[in-house]
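Working notes for the structure below.
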Amino acid sequence: MQGLSASDAATRLREHGPNRLPDAAPDPLWRRFARQFQSPLIYILLFALAFDAGLWLVEGAEGWPIEALAIAVILLLNAALGVWQEQRSEAALARLRELAGAQSWVLRDGVLTRIASTELVPGDRVRLEAGDRVPADGVLDDAHGVMLDESVLTGESVPVDRASGEPAMSGTLVVRGRTFLDVTATGPASAMGRLAALLGGIRAGTTPLERRVDALGRRIAVWVLALAAVLGVAGVAAEGWPRAPEMVIFAVALAVAAVPEGLPAVLTVALALGVERMARHRAVVRRLAAVEALGSVTVICTDKTGTLTENRMDVRALDAVDTRRALTAMVLASDADLATGAGDPLDLGLLRFAAAAGHDPATVRAAHPPVSERPFDSAWKFARASVRDGSAPVSYLKGAPEVLIAQSVLTDDARASWLEKAEAYAREGHRVIALATARGEAETDLTLLGLALLWDPPRAEVPGAVQTAQAAGIRVVMITGDHPATALAVAARIGIPAVRVLTGEDLDRLESGGLAAAQHDVQVFARVRPEQKLAIIEVLQRRGEIVAMTGDGVNDAPALKRADIGVAMGQRGSDVTREVADLVLLDDNFATIVGAVEEGRSIYENIQKFLRFLFSTNLSEVLLIALGALAAFAWDLRDGEGALLLPLTAAQILWINLVTDGVPALALAFDRTPGVMQQPPRPPQAPLLDRPSMRFVAGAGSLKALLALGLLWLVPRLGHDVDAARAVAFHFMAIGQLLLTYPARHTWTHPLPNRYLHAAVGLGVLIQLAAAWLPLTSQLLGHASLPLPLWALVFGAAIASWACAEGVARLVWQQAR
């Protein structure tokens with residue numbers, strides 16, 4: 001069969017549309033914009049603004065309510081920034097979904113081609129095997145031992161047998177066997193498309209990290225709201241009812257300044273940008289919650305073939321009793337397609353060797369019509385193909401040497417000799433496959449044909465990645481279905497310290513206590529069944545380890561789901577493992593896992609940086625406003641209009657937090673800290689802000705507040721009025737806040753230069769200067785223009801604050817060593 005031509009497929013794709021569920025309509029821009037105001041504090045602030053504006057209208061005051069207008073403009077700017085952040089994170093996550101999308105082998109122009117499942121059209125012929133999700137509605141053809149799990153549609157948990165000519169619905173899972181699917185319906189017209197209305201309402205939840213940050217913000221809010229309420233009540237008592245709206249606005253502005261309202265948005269964008277950066281390095285995060293666990297991984301349990309090795313199976317030699325029949329077994333017991341490269345790399349390696357030896361796979365298969373088959377499974381460790389050879393059926397088998405040799409008709413000496421040879425070849429690092437034949441459809445009383453020796457070299461970058469992981473306090477454990485001697489040989493080549501190996505049979509004999517004891521000194525497990533991977537993970541987790549586990553087959557799904565980080569193979573992995581995995585490796589490479597762990601640690605490190613930045617600057621504002629307000633109440637300090645002299649106006653407070661906070665905090669998401677892999681894994685229960693970070697927040701925030709109070713005291717004594725003093729304090733707090741991003745970045749190791757941060761800080765300083773220079777913004781921000789000598793004072797104090805914060809950072813991190 002030829003399948004569709006490329007031009008016909010393109011025409012049908014335009015006619016039927018992509019093979020995917022209908023996307024839910026995105027929220028309109030106005031709704032996204034309105035969502036930025038959904039905060040109790042913002043509600044109170046808007047109410048106070050409306051109240052103030054109402055009084056202005058009723059009283060018929062001259063001019064405009066300047067502060068109310070300023071706050072309204074600042075809130076609008078903040079909402080616009082929030083919409084941009086939301087769209088940026090959604091776009092990043094959408095690109096990740098495309099990268100992690102399903103792929104299908106489809107027959108086009110007579111050639112099997114790997115394409116995105118979204119490009120399938122009615123009339124396509126798709127190749128399916130165990131572990132594949134049926135990508136569209138269709139009819140099975142050339143089905144061999146197919147069993148489908150249809151629970152996603154019917155709710156029936158027991159898989160059902162399906163034969164050629166029977167329908168298969170999109171979304172169902174091939175549990176066993178292999179087949180072709182002739183596609184009849186795609187996208188909205190398919191079975192899963194008809195359920196789209198039910199699925200469309202599902203929304204992604206928040207990550208544990210986001211929930212922890214939100215809880216921290218709520219705890220801070222309780223104390224800050226109490227302080228704001230006290231200051232508001234005291235202000236109303238001191239100023240009287242006519243100034244009540246002004247005092248309410250001031251108190252609420254203080255609460256908005258101190259409570260990290262924008263933190264969840266910045267956190268979401270930082271996570272999205274981080275995982276997008278991972279995707280560029282061939283690791284696609286399917287769940288944002290996995291990022292937090294990546295930074296805490298203590299054990300990586302990895303497969304050998306294709307992950308630690310190149311998955312380039314080449315037959316180096318054939319130790320055969322009957323070379324011709326052994327080559328025939330290589331071809332018939334393999335179901336790969338040499339012309340297109342579709343199929344298991346081991347089967348492709350066997351076919352390449354047979355073809356080079358003169359046994360063309362297409363010719364051999366045409367001469368031996370199929371009768372029945374038994375696909376390979378880790379439960380029985382061999383594959384059988386029964387074909388017609390003349391008038392009688394004959395079976396050809398390939399599989400694990402210990403299994404097929406045990407079922408072969410051999411003398412005891414001959415059996416021991418073959419097993420010894422298989423062991424010796426495995427110790428050399430070869431993957432050893434036994435070949436056998438039998439009459440009829442038998443799987444016992446076999447005739448051994450020989451041993452194929454395949455070589456799959458370790459990836460060049462893996463030894464360095466293993467060393468990096470071990471230096472970072474991460475233990476690397478190999479779990480493979482291969483021969484124990486082969487596993488030990490590969491482990492030695494890549495740097496996994498292993499003097500002992502446990503096999504699946506050993507695990508069966510061990511009680512759970514014995515397995516837990518063995519875990520201390522065993523780094524290699526061989527001939528392991530998928531269900532035994534689950535037992536290994538559970539033992540490690542009971543010991544408090546945070547486990548990342550790789551897998552590719554349908555039977556690996558339970559272990560991947562149980563692991564703290566399930567890692568699926570993007571090239572050779574089944575659809576079901578990709579669906580349950582937290583991380584998909586687009587290149588199936590162990591080094592990519594280590595890179596993802598490093599990126600996960602970097603993301604968490606960057607989150608801690610902007611937590612230090614935000615909380616230290618917020619603390620400085622709370623201290624300045626609270627201490628300044630108490631001083632004004634205590635000494636009845638007044639401005640030129642007779643109003644209580646508060647250190648900052650409400651508009652200035654909101655400008656500092658809503659305009660100068662977000663962009664520098666977001667720029668910290670681009671920080672790169674080379675030393676993260678020289679630190680031990682972070683315990684999952686570790687606080688968001690560790691003790692050194694808390695000391696930095698307290699020290700840097702307090703010193704900055706004291707400097708601001710000093711400026712408020714100094715400027716009037718230099719011959720300037722109180723408005724100038726407040727403007728100096730305002731500009732110092734804003735510019736000093738921008739500069740505080742630099743010491744907030746430093747820990748035991750110094751990050752690399754961050755051009756995005758330099759740009760954000762430079763832009764923030766320019767915006768601050770423009771706000772003072774432009775007459776309108778200067779008036780809205782409480783007469784913020786300054787003469788040149790006072791600007792020198794502002795920048796001198798800001799640089800002094802930066803230097804003090806750098807000193808605090810050095811001190812706290814040196815003490816924490």
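The values are calculated or read from the model by the stated rules, or taken from the named source; none is laboratory data. Because the structure is predicted, anything quoted here is derived from the model rather than measured. Cβ sites come from the backbone with ideal geometry, for glycine too, and all protein chains shown count toward neighbours. These accessible areas exclude ligands, DNA and RNA; they are computed on the full protein's heavy atoms, side chains included. Shrake-Rupley method; radii C 1.70, N 1.55, O 1.52, S 1.80 Å.
Here are a few things to note about the model shown:
- Taking region 664-681 as the range and being open to solvent by less than 20 Å² (accessible area, probe 1.4 Å) and in contact with a Phe, Trp or Tyr (Cβ under 6 Å, 6 or more places away or on another chain) as the test, the residues that pass are Ala665, Ala667, Leu668.
- Scope region 133-160; condition outside any strand (DSSP E or B) and either modelled with pLDDT of 90 or more or open to solvent by less than 40 Å² (accessible area, probe 1.4 Å) (or both); matching residues: Val134, Pro135, Ala136, Glu150
- Residue under evaluation Ser801, criteria (1) of a type in the set (Ser, Thr, Tyr); (2) under 44 Å from the mean Cα position of the chain (by Cα); (3) modelled with pLDDT under 95, criterion not met: (3)
- Region 468-483, residues that are modelled with pLDDT of 90 or more and either charged (D, E, K, R) or surrounded by 17 or more Cβ atoms within 10 Å (Cβ to Cβ) (or both): Thr468, Ala469, Ala472, Ile474, Arg475, Val476, Val477, Met478, Ile479
- Between Leu225, Leu231, the distinction of being open to solvent by less than 20 Å² (accessible area, probe 1.4 Å), modelled with pLDDT of 70 or more and of a type in the set (A, V, I, L, M) belongs to Leu231 only.
- Criterion violated by Gly600 - all others in (1) farther than 30 Å from Ala342 by Cβ; (2) at pLDDT below 85; (3) surrounded by 18 or more Cβ atoms within 10 Å (Cβ to Cβ) satisfied: (2)
- Residue ID - nearest to the chain's Cα centre (by Cα), chosen from residues in region 442-467 that are over 30 Å from Ile405 (Cα atoms) and crowded, with 18+ Cβ neighbours inside 10 Å: Ala465
- Within region 415-432, the set of residues being farther than 14 Å from Leu451 by Cα, in a helix (DSSP H, G or I) and open to solvent by less than 50 Å² (accessible area, probe 1.4 Å) is empty.
- Selected residue (criterion: nearest to Ala729 (Cα to Cα)) from residues of region 752-785 that are open to solvent by less than 20 Å² (accessible area, probe 1.4 Å) and within 36 Å of the chain's Cα centre (by Cα): Gly764
- Annotation note: Cβ proximity below 8 Å between a residue of region 310-331 that is closer than 30 Å to Asp587 by Cβ and a residue that is buried (at least 20 other Cβ atoms within 10 Å of the Cβ) and hydroxyl-bearing (Ser, Thr, Tyr) (sequence gap 6+ or interchain) occurs for Asn311/Thr305.
- The combined condition, being open to solvent by 40 Å² or more (accessible area, probe 1.4 Å) and within 22 Å of Ala772 (Cβ to Cβ), is not fulfilled by Asp661.
- Filter pass, Leu112 being part of a strand (DSSP E or B) and either modelled with pLDDT of 70 or more or open to solvent by less than 30 Å² (accessible area, probe 1.4 Å) (or both): yes
- Filter result for the condition that a residue is assigned to a helix (DSSP H, G or I) and either closer than 22 Å to Leu75 by Cβ or within 24 Å of the chain's Cα centre (by Cα) (or both), over Ala705, Ala665, Ala724: Ala665
- Residues in region 542-577 that are aliphatic (A, V, I, L, M), closer than 9 Å to Gly131 by Cβ and either in contact with a Ser or Thr (Cβ under 7 Å, 6 or more places away or on another chain) or open to solvent by less than 10 Å² (accessible area, probe 1.4 Å) (or both): Val554, Ala557.
- Being more than 30 Å from Ala665 (Cβ to Cβ) and open to solvent by 10 Å² or more (accessible area, probe 1.4 Å) is a description that applies to Leu510.
- Enumeration of residues in region 236-245 that are at pLDDT below 70 and either among the aliphatic types (A, V, I, L, M) or open to solvent by less than 10 Å² (accessible area, probe 1.4 Å) (or both): Ala238, Ala244, Pro245
- Evaluation of Thr747 against the conditions (1) open to solvent by less than 40 Å² (accessible area, probe 1.4 Å); (2) under 38 Å from the mean Cα position of the chain (by Cα); (3) farther than 30 Å from Pro680 by Cβ shows that the sole unmet condition is (3).
- Top-ranked residue in region 167-193 [being polar (S, T, N, Q) and part of a strand (DSSP E or B); ranked as surrounded by the most Cβ atoms within 10 Å (Cβ to Cβ)]: Thr179
- All conditions in (1) surrounded by fewer than 22 Cβ atoms within 10 Å (Cβ to Cβ); (2) in contact with a Phe, Trp or Tyr (Cβ under 8 Å, 6 or more places away or on another chain) hold for Ser801, with the sole exception of (1).
- Inter-residue pairs, beta-carbon under 8 Å, first basic (Lys, Arg) and in region 402-422, second open to solvent by 50 Å² or more (accessible area, probe 1.4 Å) and in a helix (DSSP H, G or I), 6+ apart: Arg415/Ala406
- Subset tally (residues that are open to solvent by 10 Å² or more (accessible area, probe 1.4 Å), over 14 Å from Ser378 (Cα atoms) and touching a strand residue (DSSP E or B) at 6+ places or on another chain (Cβ under 7 Å)) for region 528-541: 1
- Segments classed as helices (runs of 4 or more DSSP H), wholly inside region 284-387, with at least 1 members that are of a type in the set (A, V, I, L, M) and crowded, with 22+ Cβ neighbours inside 10 Å: 289-294, 323-332, 345-356
- Near pairs, Cβ below 7 angstrom, 6+ apart or cross-chain, from region 272-285 (in contact (Cβ under 8 Å) with a residue 12 or more places away in the chain and closer than 18 Å to Thr577 by Cβ) to any residue that is β-branched (Val, Ile, Thr) and in a helix (DSSP H, G or I): Arg282/Thr592; Ala283/Thr592; Val285/Val275; Val285/Val291
- Some residue of region 558-576 being modelled with pLDDT under 90, in a helix (DSSP H, G or I) and among the polar types (S, T, N, Q): no
- Of residues in region 403-447 being basic (Lys, Arg) and closer than 20 Å to Leu350 by Cβ, the one modelled with the highest pLDDT: Lys421
- Test: residue in region 734-746 that is more than 20 Å from Ser693 (Cα to Cα) and without any contact (Cβ under 8 Å) to a residue 60 or more places away in the chain: no
- Among the residues of region 682-701, some residue qualifies, meaning at least one is out of contact with any Phe, Trp or Tyr (no Cβ under 9 Å at 6 or more places or on another chain), closer than 30 Å to Leu780 by Cβ and touching a residue at least 60 places away in the same chain (Cβ under 8 Å).
- Any hit, region 89-104, residues being at pLDDT 80 or above and over 30 Å from Asp582 (Cβ atoms): no
- Taking region 394-410 as the range and being hydrophobic (A, V, I, L, M, F, W, C) and either closer than 21 Å to Thr486 by Cα or part of a strand (DSSP E or B) (or both) as the test, the residues that pass are Val394, Leu397, Ala400, Val403, Leu404, Ile405, Ala406.
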